[in-house]
Amino acid sequence: MILLSKETTMEIQSYQNQAELLLKEYLLADSSIPYTSVICGIFSCKMVYDLTQLFSSVYFKSYLILSKVQRNEWNNRSISTVHAIFITVMSLYFVFWSNLYSDNRYAGMIMFRSSALSTFTLGVSVGYFLADIGMIIWFYPSLGGIEYVIHHFLSLTAVAYSMMTGEGQLYTFMVLISETTTPGINLRWYLDTAGMKRSRAYLINGVVIFVTWLVARILLFMYLFYHVYLHFDQVKLVHSYGLLLIFVVPFILSVMNLMWFGKIIKGLRKTLAKRQ
């Protein structure tokens, strides 16, 4: 067992205190949280991309025979999967389990409630959308067409506004719950790339995507608009730009979700027909 001198112990304690002070006073100070969280989000995307590249080349033989474009998409989809899991868990917590946006909490109007944690969470998501839209544009159109650019731009604008102003964070988290569908979509691409389109896993994946899409991107958006209707007396107090984002962005995303849902139904029918 290594014994430290009193001076060394005090020195370590001093450095610890300084580090905690730096964290609390600067990195996690209310005014710094938006910027700190965005940077964390971008660096997290870079870390996940590099780790995916490293582990996939070692543990997945099929990764090595993919084209450069496919490898980029493989790595990119791992980033979106990790972000989707993170933001889904946090959004579900804030919308359904946290008291932050509860009607029973008498701490100001729901539309203007926020916390350090909720702002930090949105900032991480902003970092992800910045990194992802950058990759989509850089490798355009291999990672997605114009509809993905529009989707990401709308999401980025709405999430960034909510993060910076603290307005409408509840509705932002409701919309972000739709990221629940992302891991299933990405898994479908991985199965397809691995030549497993006729496997049972591919069929089950299609059914799971159908159910999660229906709940998270169709029914939940209906609930969002109903919630806006119930709290319209508070919603109308939001700044005009915030109102635009509350009404226009979810509406456009709803239309896009319905269009994609039609494609999902068509694809599922085709898969079931082949099975028969």
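The values are calculated or read from the model by the stated rules, or taken from the named source; none is laboratory data. Not measured: the values here are computed from a predicted model. Positions of Cβ are generated from backbone atoms using ideal geometry, with glycine treated the same way; all protein chains shown enter the neighbour counts. Ligands, DNA and RNA are excluded from the accessible area calculation, which covers all protein heavy atoms including side chains. Shrake-Rupley method; radii C 1.70, N 1.55, O 1.52, S 1.80 Å.
General remarks:
- Put simply, of Met222, Met256, Met163 the only residue that is among the aliphatic types (A, V, I, L, M), assigned to a helix (DSSP H, G or I), modelled with pLDDT of 90 or more and open to solvent by less than 20 Å² (accessible area, probe 1.4 Å) is Met163.
- Among (1) at pLDDT 90 or above; (2) within 28 Å of Tyr63 (Cβ to Cβ); (3) open to solvent by 70 Å² or more (accessible area, probe 1.4 Å); (4) out of contact with any Ser or Thr (no Cβ under 9 Å at 6 or more places or on another chain), the one test that Lys270 misses: (1)
- Test: Ser142 is polar (S, T, N, Q), touching a residue at least 12 places away in the same chain (Cβ under 8 Å) and over 22 Å from Thr36 (Cβ atoms): yes
- Test result for Met135, open to solvent by less than 40 Å² (accessible area, probe 1.4 Å), part of a helix (DSSP H, G or I), more than 20 Å from Thr182 (Cα to Cα) and not small (Gly, Ala, Ser): no
- Search result, residues across region 79-111 that are free of Cβ contacts under 8 Å to residues at least 60 places away in the same chain and either among the basic types (Lys, Arg) or assigned to a helix (DSSP H, G or I) (or both): Ile79, Val82, Phe86, Val89, Tyr93, Phe96, Trp97, Arg105
- Residue in region 61-119 that is least open to solvent (accessible area, probe 1.4 Å), counting only those that are modelled with pLDDT of 90 or more, under 27 Å from Tyr49 (Cα atoms) and among the basic types (Lys, Arg): Arg77
- Restricted to region 43-60, and to residues there that are hydroxyl-bearing (Ser, Thr, Tyr) and either within 17 Å of the chain's Cα centre (by Cα) or surrounded by 15 or more Cβ atoms within 10 Å (Cβ to Cβ) (or both), the residue that is farthest from Ala131 (Cα to Cα) is Ser56.
- For region 226-246, residues that are surrounded by 14 or more Cβ atoms within 10 Å (Cβ to Cβ) and in a helix (DSSP H, G or I) total 9.
- Phe251 assigned to a helix (DSSP H, G or I), closer than 28 Å to Arg113 by Cα, in contact with a Pro (Cβ under 7 Å, 6 or more places away or on another chain) and not polar (S, T, N, Q): no
- Counted residues, region 196-214 - those being part of a helix (DSSP H, G or I) and free of Cβ contacts under 8 Å to residues at least 12 places away in the same chain: 4
- Candidates Ile146, Ile150, Ile204 - the one that is under 17 Å from Phe251 (Cβ atoms), open to solvent by 20 Å² or more (accessible area, probe 1.4 Å) and modelled with pLDDT under 95: Ile150
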